[in-house]
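The values are calculated or read from the model by the stated rules, or taken from the named source; none is laboratory data. All figures in this text were calculated on a predicted structure; none of them were measured in a lab. Every residue, glycine among them, receives a Cβ derived from its backbone with ideal geometry; neighbour counts consider all protein chains shown. Only protein heavy atoms, including side chains, enter the accessible area calculation; ligands, DNA and RNA are left aside. Shrake-Rupley method; radii C 1.70, N 1.55, O 1.52, S 1.80 Å.
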Amino acid sequence: MTLSIGAKAPDFTLPSADGDIRLSDFRGKLVVLYFYPKDMTQTCTQQACGFRDAYSELTAHGAVIIGVSTDEVERHIRFRDKYGLPFLLLSDPDHEVCEKYGVWQQKKMYGREYMGIVRSTFLIDEEGRLIREWRNVRLKGHIDAVLQAIREYRESTSTEQKSAAAPTV
């Protein structure tokens with residue numbers, strides 16, 4: 001599936017340690033929705049800890065962070081607790097949401113082909129529209145790129161609001 005910048009992000013409901021979570025529950029907030037292959041693996045742990053370490057700056061800009069993988073909720077709880085992750089981790093064991101976002105793809109490792117999650121991040125605005133996407137994410141500089149995109153978005157919406165509020169002469 002192909003998503004278009006400016007289009008509504010596909011809504012969904014997935015289980016978490018805190019119960020079922022709907023994406024639309026976060027209307028009015030920026031959402032950093034990231035998909036990752038597996039809890040407790042080296043790169044996925046580095047990514048989650050990167051979002052954890054940037055959590056206060058992300059939330060200061062009004063953003064909510066949500067991680068999604070095919071791992072079961074119980075594994076997410078162990079992952080969250082072990083690394084002190086302050087954000088939601090959602091379970092998509094049937095990869096339905098992964099397919100909606102186009103991140104469930106054929107992958108290759110050590111000559112073996114299999115289906116899995118391609119590490120990807122989506123930035124969704126307060127109205128539920130997709131404003132930025134990163135696919136095939138490499139970790140180096142990724143969290144900084146997400147923060148920069150949020151800052152730029154905030155600056156542009158602030159400028160638009162000032163323009164709209166300016167009196168016409």
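Per-residue answers, yes or no, for (1) over 24 Å from residue 144 (Cα atoms); (2) without any contact (Cβ under 8 Å) to a residue 12 or more places away in the chain:
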position: 10; (1), (2): yes, no
position: 15; (1), (2): yes, no
position: 22; (1), (2): yes, yes
position: 28; (1), (2): no, no
position: 35; (1), (2): no, no
position: 38; (1), (2): no, no
position: 51; (1), (2): no, no
position: 58; (1), (2): no, no
position: 73; (1), (2): yes, no
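Quick check, is residue 128 touching a strand residue (DSSP E or B) at 6+ places or on another chain (Cβ under 6 Å) and at pLDDT below 95?
no
Yes or no, residue by residue, for (1) more than 17 Å from residue 128 (Cα to Cα); (2) at pLDDT below 95; (3) touching a helix residue (DSSP H, G or I) at 6+ places or on another chain (Cβ under 7 Å):
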position: 3; (1), (2), (3): no, yes, no
position: 26; (1), (2), (3): no, no, no
position: 37; (1), (2), (3): yes, no, yes
position: 44; (1), (2), (3): yes, no, no
position: 54; (1), (2), (3): yes, no, yes
position: 71; (1), (2), (3): yes, no, no
position: 97; (1), (2), (3): no, no, no
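Can you say whether residue 16 is under 15 Å from the mean Cα position of the chain (by Cα) and of a type in the set (S, T, N, Q), as far as the supplied structure shows? Spell out the reasoning first.
Values: under 15 Å from the mean Cα position of the chain (by Cα): yes; of a type in the set (S, T, N, Q): yes.
Yes, satisfied.
Determine whether residue 119 is open to solvent by 40 Å² or more (accessible area, probe 1.4 Å), within 29 Å of residue 154 (Cβ to Cβ) and in contact (Cβ under 8 Å) with a residue 60 or more places away in the chain.
No.
Being within 24 Å of residue 154 (Cβ to Cβ), open to solvent by less than 20 Å² (accessible area, probe 1.4 Å) and among the hydroxyl-bearing types (Ser, Thr, Tyr) is the filter here; which residues of the range 30-56 pass it?
Once the filter is applied, which keeps residues that are within 24 Å of residue 154 (Cβ to Cβ), open to solvent by less than 20 Å² (accessible area, probe 1.4 Å) and among the hydroxyl-bearing types (Ser, Thr, Tyr), the range 30-56 yields only 34.
What are the residues in the range 23-53 that are closer than 15 Å to residue 123 by Cα and out of contact with any Lys or Arg (no Cβ under 9 Å at 6 or more places or on another chain), if any?
23, 24, 26, 27, 28, 29, 31, 32, 33, 51
Residue check: is residue 139 modelled with pLDDT under 95, in a loop (DSSP other than H, G, I, E, B), at negative phi and surrounded by 12 or more Cβ atoms within 10 Å (Cβ to Cβ)?
yes
From the list 22, 78, 27, pick out the single residue that is farther than 22 Å from residue 142 by Cα, touching a Gly at 6+ places or on another chain (Cβ under 8 Å) and open to solvent by 70 Å² or more (accessible area, probe 1.4 Å).
So the residue among 22, 78, 27 that is farther than 22 Å from residue 142 by Cα, touching a Gly at 6+ places or on another chain (Cβ under 8 Å) and open to solvent by 70 Å² or more (accessible area, probe 1.4 Å) is 27.
Would you call residue 66 farther than 21 Å from residue 19 by Cβ, under 16 Å from the mean Cα position of the chain (by Cα) and either surrounded by 15 or more Cβ atoms within 10 Å (Cβ to Cβ) or of a type outside the set (Asp, Glu) (or both)?
no
Filter the range 81-102 down to residues that are open to solvent by 70 Å² or more (accessible area, probe 1.4 Å) and in contact (Cβ under 8 Å) with a residue 40 or more places away in the chain, then give me how many there are.
4
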